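Student: Sharing a structure below in structure tokens format, with a few things to ask.
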Amino acid sequence: MKTSDMIKELCNKKNISVSELARRIGQTPQNFGKKLKRDTVTLVL
């Protein structure tokens, strides 16, 4: 499963939009959406 798919699935489970998640992590919704579309999101644990 791609990282972008996992993020979208988690947003659905938490009942928040991807745009809301972007705002919460300090990104613009447009920038974060483009990263998801290109699947260039990296996770840092």
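Student: On a 18 Å Cα-Cα criterion, which of the cross-link pairs Lys2/Lys34; Lys14/Lys37; Lys13/Lys37; Lys2/Lys37; Lys8/Lys34; Lys2/Lys35 come out too long?
Tutor: Details: Lys2/Lys34 15 Å; Lys14/Lys37 20 Å; Lys13/Lys37 20 Å; Lys2/Lys37 11 Å; Lys8/Lys34 13 Å; Lys2/Lys35 12 Å.
Over 18 Å Cα-Cα: Lys14/Lys37; Lys13/Lys37.
Student: Net charge within 13 Å of Pro29 by Cβ-Cβ distance, Lys/Arg positive one each and Asp/Glu negative one each, not counting Pro29 itself? Please list the in-between numbers first.
Tutor: Working: positive: Arg23, Arg24, Lys34, Lys35, Lys37; negative: Glu20.
Overall, the nearby charge balance is +4.
Student: When the Karplus curve 6.51 cos²θ - 1.76 cosθ + 1.60 is applied with θ = phi - 60°, which whole-Hz ³J(HN,Hα) does each residue of the stretch 32-45 get, with x for Gly and Pro?
Tutor: Those phi angles translate into 5, x, 5, 5, 5, 5, 7, 6, 10, 7, 10, 9, 10, 9 Hz.
Student: Follow-up question, since we're still on this one. Summing -39500 (n - 2.57) over the DSSP H runs of n ≥ 4 in the chain and dividing by its residue number, what mean residue ellipticity at 222 nm do you reach, to the nearest 500 deg cm²/dmol?
Tutor: Working: 3 runs with 29 residues, N = 45.
Computed mean residue ellipticity for the chain: -18500 deg cm²/dmol.
Student: If you take the Cα Rg of the chain and divide it by 2.2 N^0.38 Å, with N the number of residues, what do you get?
Tutor: Values: Rg = 9.7 Å, N = 45, 2.2 N^0.38 = 9.3 Å.
Normalised Cα radius of gyration, the chain: 1.04.
Student: Hey, another quick one. ³J(HN,Hα) across the stretch 5-11 via Karplus (A = 6.51, B = -1.76, C = 1.60, θ = phi - 60°), whole Hz, x for Gly/Pro?
Tutor: 5, 5, 5, 4, 5, 5, 4
Student: Right, here's the next one. What's the local net charge at Val41, with K and R +1, D and E -1, over the other residues with C-beta under 15 Å away? List each step's numbers first, then the result.
Tutor: Values: positive: Lys2, Lys8, Arg24, Lys34, Lys35, Lys37, Arg38; negative: Asp5, Glu9, Asp39.
Residues close to Val41 contribute a combined charge of +4.
Each reported figure results from applying straightforward, stated rules to the coordinates on display, with no laboratory input. Just so it is clear, the model here is predicted, and its values are computed rather than measured. Every residue, glycine among them, receives a Cβ derived from its backbone with ideal geometry; neighbour counts consider all protein chains shown.
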